[in-house]
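The values are calculated or read from the model by the stated rules, or taken from the named source; none is laboratory data. Quantities reported herein were computed from a predicted structural model and do not represent experimental measurements. A quick note on method: Cβ atoms are made from the backbone with ideal geometry, for glycine too, and the neighbour counts reach across all protein chains shown.
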Amino acid sequence: MSEVTLSDVEEARQVLRGVVRQTPLDRSRTFSELTSSELYLKLENLQKTGSFKTRGAYVKISSLSRAERRHGVVAASAGNHAQGVAYSASLLGVRSTIVMPEQASPAKIDATKGYGASLLLSGRTFDDAMKRAQEISRREGRVLIHAFDDAKVISGQGTIGLEMADEQPELDEVIVPVGGGGLASGIAVAMKAINPKVKVIGVQSEAFPTVYRALEQGGGSKIESGETLADGIAVKEPGKITVKLLKRYLDGVVLVSDAEIAKAIFLLLERAKTVAEPAGAAGLAAVLSGAVNVRGKKCAVVISGGNIDMYTLDQMVAKGLEMEHRLLRLEFTLADRPGALREIVDAVAEAKANVVQVTHERMGSNVPLGRATVVLSVETQNSSHTKRLMAGLEGARLRYKVLR
């Protein structure tokens with residue numbers, strides 16, 4: 001079956017009843033004001049296993065015959081589908097083997113193991129892991145649970161669209177992250193059948209613009225390589241089923257950078273007290289960056305997952321503070337004598353800024369004899385406070401360079 005209809009999605013909702021959470025569709029006052037819209041967040045980061053993937057995985061595995069269940073299942077994933085399959089298989093008493101890229105998030109690796117799956121690390125990308133999973137499927141007779149290119153999986157993801165349509169039937173626009181396209185195609189199928197006027201916009205990482213190329217440029221959709229923090233949407237090639245559905249139902253695709261994603265994660269954390277992973281925040285990044293103009297509209301942004309490791313989250317917070325002009329690194333070259341550093345610190349304290357890190361270098365080819373290089377990481381309240389700090393440093397006749 002390659003076609004997916006509203007009745008398929010409605011059937012999937014019955015299968016999922018009592019298994020997954022109906023996640024909140026929260027109106028965000030902050031993001032509504034920032035974008036001059038009425039903006040809602042569909043918080044799939046609060047779903048069981050931390051992402052939407054459990055929906056599709058459970059629907060697919062529950063459809064297997066007894067014989068297929070006895071052989072077990074195998075899946076390839078950058079992390080969230082892995083957890084969804086492992087969790088769903090465990091609930092249904094089915095053995096699961098998961099193949100993940102070698103650079104998968106440690107948090108996702110540990111969580112997948114915790115749900116009882118056998119785990120293999122293979123290759124650098126999702127596509128590399130998929131090749132290994134296909135080999136295992138052929139060799140061991142296990143059913144391959146595809147992350148996106150499967151009608152049952154797509155139907156399961158589409159239940160998110162039903163929930164949004166039930167709660168807010170008059171939405172003008174829905175913004176959805178796109179990797180392989182299972183989430184976006186499922187939501188688009190469901191919501192367009194209920195309300196043909198609603199627009200569904202996909203968002204991809206600019207490093208993996210596969211669906212963007214296929215839909216917006218009319219070219220080939222395969223990407224040979226790329227680097228992005230948004231591993232959940234780092235897919236070299238979308239599915240055959242999903243591309244067909246997206247061409248029919250999606251109203252457009254836009255691209256976002258890692259920096260824009262980092263800012264969205266930071267603002268979600270600080271303003272909405274919500275933790276999102278990079279792929280999960282891609283939709284909001286598109287709205288905040290202006291790639292999708294929602295001014296005057298009633299819209300929903302799908303926060304598709306929240307499985308982010310603490311090291312990456314720390315990076316996102318630091319990047320967000322830098323982009324908000326609230327964290328800056330200042331390099332000073334000063335005389336190598338007692339009291340020289342104090343002059344700098346006193347000037348920073350006078351401006352009521354906070355020094356969070358100091359690096360002092362007396363050696364090195366770039367440091368003149370009799371001099372020392374000091375780098376201060378300084379936290380300020382906002383861009384105006386940063387300007388006051390810089391004015392104070394200049395008033396104290398301290399020469400510095402802002403490091404990017």
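What is the one condition in (1) crowded, with 20+ Cβ neighbours inside 10 Å; (2) in a helix (DSSP H, G or I) that Val254 does not satisfy? Condition (2) is where Val254 drops out. Determine if segment 79-91 includes at least one residue that is surrounded by fewer than 16 Cβ atoms within 10 Å (Cβ to Cβ) and within 19 Å of Ala279 (Cα to Cα). Scanning segment 79-91, I find no residue that is surrounded by fewer than 16 Cβ atoms within 10 Å (Cβ to Cβ) and within 19 Å of Ala279 (Cα to Cα), so the answer is no.
I want to confirm something. Restricting to segment 126-147 and keeping residues that are under 25 Å from the mean Cα position of the chain (by Cα) and surrounded by 20 or more Cβ atoms within 10 Å (Cβ to Cβ), which single residue is farthest from Ala276 (Cα to Cα)?
From segment 126-147, those under 25 Å from the mean Cα position of the chain (by Cα) are 126-133, 144-147; that's our starting set.
Among the residues that remain, those that are also surrounded by 20 or more Cβ atoms within 10 Å (Cβ to Cβ) are: 126, 129-130, 133, 145-147.
Details: Phe126: 20, Ala129: 24, Met130: 25, Ala133: 28, Ile145: 25, His146: 24, Ala147: 20 Å.
Ranking the candidates gives Ala133 first.
Of the residues in segment 93-107, at least one is modelled with pLDDT of 95 or more, farther than 27 Å from Asp309 by Cα, more than 20 Å from the chain's Cα centre (by Cα) and not β-branched (Val, Ile, Thr).
Take residues that are surrounded by 11 or more Cβ atoms within 10 Å (Cβ to Cβ) and in contact with a Pro (Cβ under 9 Å, 6 or more places away or on another chain) and tell me which of the helices (runs of 4 or more DSSP H) falling wholly in segment 285-404 contain 2 or more.
On the way: elements: 310-323, 340-350, 383-395.
Output list reads 310-323.
Can you say whether Val211 is under 24 Å from Lys152 (Cβ atoms) and at pLDDT 95 or above, as far as the supplied structure shows? Steps first, please.
Details: under 24 Å from Lys152 (Cβ atoms): yes; at pLDDT 95 or above: no.
Considered against the rule, which asks whether it is under 24 Å from Lys152 (Cβ atoms) and at pLDDT 95 or above, Val211 comes out as no.
Among the residues making up segment 1-52, those that are in contact with an Asp or Glu (Cβ under 6 Å, 6 or more places away or on another chain) and over 18 Å from Phe148 (Cα atoms) are Gln22, Thr23, Leu25, Ser32, Leu41.
Screening Met130 on (1) part of a helix (DSSP H, G or I); (2) touching a Gly at 6+ places or on another chain (Cβ under 6 Å); (3) under 29 Å from Ser225 (Cβ atoms) shows it passes everything except condition (2).
Of all residues assigned to segment 258-266, at least one qualifies as being surrounded by fewer than 20 Cβ atoms within 10 Å (Cβ to Cβ) and not small (Gly, Ala, Ser). For segment 21-42, the candidate set comprises residues that are touching a residue at least 40 places away in the same chain (Cβ under 8 Å) and out of contact with any Leu (no Cβ under 8 Å at 6 or more places or on another chain); within that set, the residue that is surrounded by the fewest Cβ atoms within 10 Å (Cβ to Cβ) is Ser36. Considering each residue of segment 139-149 in turn, at least one proves to be over 21 Å from Val15 (Cβ atoms), free of Cβ contacts under 8 Å to residues at least 24 places away in the same chain and not aliphatic (A, V, I, L, M).
Restricting Leu183, Leu215 to those that are farther than 16 Å from Ser257 by Cβ, buried (at least 24 other Cβ atoms within 10 Å of the Cβ) and assigned by TED's automatic domain parsing to the domain that holds Glu11 reduces the list to Leu183.
Checked against the criterion of being outside the structural domain of Ser304 (by TED's automatic domain parsing), small (Gly, Ala, Ser) and either in contact with a helix residue (DSSP H, G or I) (Cβ under 8 Å, 6 or more places away or on another chain) or crowded, with 23+ Cβ neighbours inside 10 Å (or both), the candidates Gly116, Gly158 yield just one match: Gly116.
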